[in-house]
Amino acid sequence: MKIPVESVKIVEVGPRDGLQNEKVTIPTEAKVEYITTLADAGLRVIEAGAFVSPKWVPQMADTADVYRNIPKDPGVEYPVLVPNMKGLERAIEAGVKSIAIFTAASETFNKRNINMTIEESFANYAPVVARALEERMRVRGYVSTAFGCPYEGDVPPEKVLEVCARLLDLRCYEVSVGDTIGVGTPTQVQGVIGMLLQVIPAGKLAMHFHDTRGTALANTLAALEMGIATFDASSGGLGGCPFAPGASGNLATEDLVYMLDKMAIETGVNLERLVAASSIVAPYLDHPLPGRYLQACTRGGLPFATKSTALQ
Ligand code: HMG
Ligand code: MG
């Protein structure tokens, strides 16, 4: 197997994608502790939350407080999701330096997720990105449902390419290509990436795999073979979109780091400290963390910290 990638950038999405989908409310101070420990583990990009409608996603309502209370590591970027100008204004007020905008490759999902058609989302985001760049923010783009839509089924790769290219035209520094409901397979992933690479350099692409059907690591390997070197992942394997029925957790960061470590591909992430970060949120959840590496640790007797010890 030939992998043309020596190091991988991991975009940790646990505090956002991970926690947005949980029924329970995680206290703000626990989120801050979680993000701080993720940074200690060596993650250099950590999505800290989302300035979305608190009516639509109440789990992200405390993002401003979370963001303000993170002891910022100068080597770490803490992006937040922004769906519109109101979200950007909230981000500016909180002192945010990096945002992510998000649209989709399928109309029905986009409408359910942000109440806009794809076309409307670009009209909405153009002034948002212009203003964010004036504020010297970094802007990342997301394309959801790139491998399948929970409402429409198959999604044409040509549509994925069109939406990715439009996000880059808006001056996003990178586009994250999302398998929102975890339906993709390695051959499909290589097909989509092959089409994207005809127009977009690999360095501007990230892959965002949800692991709903257990294909996320296989899809990651397929993407690595194509030269993709940026992957979104969620510590503990948390994650899912409240507007994508059936979607479950992201690729677990621990599983990704374990595989890359063993393949001698550099990530800069310390696996033991990463487990410590996941152990901070674990006691608050109403279910076990789904990540496979973590489950193996637990079976091997490596205990999660309890709520009281995690927050000391
Ligand atoms: P809307 O209801 O159409 O918004 O929602 P509106 O503009 O009509 O405003 C309605 C009310 O919401 C108004 O308040 C606004 O002020 C308020 P009212 O006058 O009724 O009191 N409002 C806001 N409040 C706070 N922050 C804001 C904001 N905007 C409006 N930013 C909207 C449209 C986009 C806001 C809504 O649909 C929304 O927040 N959607 C976000 C959904 C979401 O967070 N989804 C999960 C993240 S995406 C994801 O998980 C996929 C990803 O992981 C990749 C992948 O896996 O594929 C990224
Ligand atoms: Mg996601």
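Tabulated results
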| quantity | calculated |
| --- | --- |
| Within the chain: Cβ-based charge dipole about Cα centre, in debye rounded to nearest 20 (Lys, Arg +1; Asp, Glu -1) | 200 debye |
| Distance between region 218-243 and region 39-102 - C-alpha centres, whole angstrom | 20 Å |
| Sparsely packed GluC sites (Glu not before Pro) within region 1-88, loop by DSSP, other Cβ within 10 Å at most 16 | GLU6 |
| Ranking of SER176, SER98 by count of other Cβ atoms within 10 Å, fewest first | SER98, SER176 |
| Gain in span if fully extended, VAL24 to ARG171, counting 0.36 nm per residue against the direct Cα distance | 49.3 nm |
| Efficiency of FRET between ALA264 and VAL199 - r from beta-carbon atoms, R0 25 angstrom, step 0.05 | 0.20 |
| Rounded FRET efficiency, nearest 0.05, which uses the C-beta distance separating LYS72 from ALA296 and R0 of 35 Å | 0.60 |
| For region 279-284, Karplus couplings with θ = phi - 60° (6.51, -1.76, 1.60), whole Hz, Gly/Pro x | 5, 6, 8, 3, x, 8 |
| In order through region 179-187: 3J(HN,Hα) via Karplus (6.51 cos²θ - 1.76 cosθ + 1.60), integer Hz, x for Gly, Pro | 9, 4, 10, x, 10, x, 10, x, 5 |
| nm² value of the averaged projected area, convex hull over the Cα atoms of region 9-311 | 13.8 nm² |
| Added length on full extension, which subtracts the Cα-Cα distance from 0.36 nm per residue, ASP154 to ASP65 | 28.1 nm |
| Exposure proxy order (Cβ contacts within 10 Å, fewest to most) of HIS208, HIS287 | HIS287, HIS208 |
| Order of ILE10, ILE3, ILE35 under a 10 Å beta carbon neighbour criterion, fewest first | ILE3, ILE10, ILE35 |
| By average C-beta atoms within 10 angstrom, highest first, the peptides 138-144, 119-125 | 138-144, 119-125 |
| Among ALA296, THR230, ALA91 the positive-end extreme of the charge dipole of region 9-311 (Cβ point charges) | ALA91 |
| Exceeding the 27 Å Cα-Cα cut-off - candidates LYS2/LYS72; LYS72/LYS204; LYS72/LYS159; LYS111/LYS159; LYS9/LYS72; LYS55/LYS97 | LYS2/LYS72; LYS72/LYS159 |
| Chain lengthening between GLU135 and ASP40 when straightened (0.36 nm per residue, less Cα-Cα) | 31.4 nm |
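Any read-out appearing in this document is the output of simple, stated calculations on the displayed coordinates, not a laboratory observation. Just so it is clear, the model here is predicted, and its values are computed rather than measured. All Cβ positions, even for glycine, are placed from backbone atoms using ideal geometry, and neighbour counts span all protein chains on display.
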